[in-house]
Amino acid sequence: MRGVRLVLVVALLALLASCAMEATWTIDGKWQKTDGTEVLEFSRTGVVTVTDAGTTASAHYTFSDPRHLKIEMGSMGALVLKVSCTRDQLTLTNPEGVVTKYRRIY
């Protein structure tokens, strides 16, 4: 009986951990850098478009988990960013710890 309880507790903890890891927000839409002109647009199809000073570039993105955004930059490799998002604010932290904040514009 003790073994059954242990299995149930472990299963419950695994379920709770997986629920806690689910994103409760969406990154889809346009975001403008709070201290600049750069605009990021995330599509539901996994493409991010970056526009700044008349220059536009696109790349594919995925989430390795709900807290990490992976942007595939072709021959330059992949960039993994820590991500935090609320309804109106997006915060990206690069591997060196530099934080960039954006606000949703639609």
Highest mean first, how do 44-53, 65-74 rank when packing is the count of other Cβ atoms within 10 Å averaged over residues? 65-74, 44-53
Under the definition of Cα pairs under 8 Å and six or more residues apart, what whole-number percent is the relative contact order of the range 24-104? 24
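A short reminder: the numbers here are calculations on the coordinates, not readings from a lab. Nothing here was measured: the structure is a model prediction, and the numbers come from that model. Reconstructed Cβ throughout: ideal geometry from the backbone, glycine too, with neighbour counts over all protein chains shown.
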